[in-house]
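One structure is given below, encoded as structure tokens.
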Amino acid sequence: MSYYIGIDLGATRTKFGLLNDEFKLLRYAEFNTPEFPGKKLLIQALEKQILHLREKIKFKPKAIGIGVPGLVNPEKGLVYYLVNIPGWENVYLKRRLENSLGVPVFIDNDVNVMALAELYFGRAKGKKNVLCITLGTGVGGGLILEGKLYRGTSFSAGEVGHIPLNEEGPSCNCGGKACLERYVGNRYIVEETIEKLKKGWSSPILSDLIKNDFSQLNPEILSMALKKGDPLAEAIWQNVGRRIGIVLAGVVNLLNPEMVIIGGGVAGAGEFLFKAIRQTVKERAMRIPAEKVKIVPAKLKNDAGIIGAGILAREMLKGGKR
Ligand SMILES: [Zn+2]
């Protein structure tokens, strides 16, 4: 029996899984990432937790895979930077951990890792050309082309969140302007809602849910209000769906994918959001690719990052990427 450790490093929580060679989760552990500020403390916390998981098995794990929320070079095992986790510029994470743990370590972007999990065990199983998107604080993307993860020339392919939606618009963290993420990232959805509430939009259900306290607003509450038929929540989610749909129309024309898989918190708005996205893609993309593409919610939920990281570890090991 061989084992892998899959790690889903997130800005809020870091999750660990001990997996067998069929990627069944045998042990699970997690910690709150902000408890370990700065790279030194966080790397130590990773090492400690990995060693703890290893105690449970007789043999060394064959490899460790880590999905990280940021831009990485998977071949060098280098983290260029992490979004929302400060102090992580140009860290050779692979080398650091391999030196201290004596096990091969592989890293990749978290959405690429999620795309691998969907390819092996989720909606993308048996599919060749798929785009995976996660909606949340940021908007991430992972691309599967001809059955394989496509990383691009410098490993940044699939960044759907940073496709510009307009010619002019608000500045984005990436250095660009008017990016999709700048309109449909969690924070911006909330900002738009507050703006409309201040302008006097009717919103009886939402106002009741938040008791006029704007700090209570978040995408989950907005989804709740949507399900109860709040008109402002409907308008907001309609906008989110239309904006995602416009960008996807471009992606569908460019890549002609079989499927677009959408996961993450915002996807909690469910069928209403998906309907708005599908409708926009149908209206805005070329007819034949638009008819072909299926736009569906992700199948794998919380464990996708861990399982995908385990798959990454095995694939990179097999590919001789040492
Ligand atoms: Zn951007």
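In the range 121-138, the residues that are among the basic types (Lys, Arg) reach residues that are buried (at least 21 other Cβ atoms within 10 Å of the Cβ) with C-beta atoms within less than 7 angstrom, at least six apart or across chains, in these pairs: ARG123/ILE261; ARG123/ALA298; LYS125/LEU119. Of all residues in the range 163-175, those being within 8 Å of the ligand (Cβ to nearest atom) and either small (Gly, Ala, Ser) or under 16 Å from GLY264 (Cβ atoms) (or both) number 1.
Restricted to the range 122-137, and to residues that are open to solvent by 30 Å² or more (accessible area, probe 1.4 Å) and under 25 Å from ALA11 (Cβ atoms), which residue is modelled with the highest pLDDT? My answer is THR134.
Residue-wise test of (1) assigned by TED's automatic domain parsing to the domain that holds LEU248; (2) within 14 Å of the ligand (Cβ to nearest atom); (3) out of contact with any Asp or Glu (no Cβ under 8 Å at 6 or more places or on another chain).
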{"position": "ARG95", "(1), (2), (3)": "no, no, yes"}
{"position": "VAL103", "(1), (2), (3)": "no, no, yes"}
{"position": "PHE106", "(1), (2), (3)": "no, no, yes"}
{"position": "ASN109", "(1), (2), (3)": "no, no, yes"}
{"position": "PHE121", "(1), (2), (3)": "no, no, yes"}
{"position": "TYR150", "(1), (2), (3)": "yes, no, yes"}
{"position": "LYS177", "(1), (2), (3)": "yes, yes, no"}
{"position": "ASN186", "(1), (2), (3)": "yes, no, yes"}
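Scanning the range 152-162 for residues that are away from the ligand (no atom under 16 Å from the Cβ) and open to solvent by 50 Å² or more (accessible area, probe 1.4 Å) gives THR153, SER154.
Determine if the range 189-207 includes at least one residue that is in contact with a helix residue (DSSP H, G or I) (Cβ under 7 Å, 6 or more places away or on another chain), open to solvent by less than 70 Å² (accessible area, probe 1.4 Å), within 12 Å of the ligand (Cβ to nearest atom) and not hydrophobic (A, V, I, L, M, F, W, C). Scanning the range 189-207 turns up no residue that is in contact with a helix residue (DSSP H, G or I) (Cβ under 7 Å, 6 or more places away or on another chain), open to solvent by less than 70 Å² (accessible area, probe 1.4 Å), within 12 Å of the ligand (Cβ to nearest atom) and not hydrophobic (A, V, I, L, M, F, W, C). Inclusion of GLU55 among residues that are free of Cβ contacts under 8 Å to residues at least 40 places away in the same chain and open to solvent by 60 Å² or more (accessible area, probe 1.4 Å) is warranted.
The values are calculated or read from the model by the stated rules, or taken from the named source; none is laboratory data. Quantities reported herein were computed from a predicted structural model and do not represent experimental measurements. Note: ideal-geometry Cβ built from the backbone for every residue, glycine included; neighbour counts use all protein chains shown. Protein only, heavy atoms only, side chains kept; ligands, DNA and RNA dropped before computing areas. Shrake-Rupley method; radii C 1.70, N 1.55, O 1.52, S 1.80 Å.
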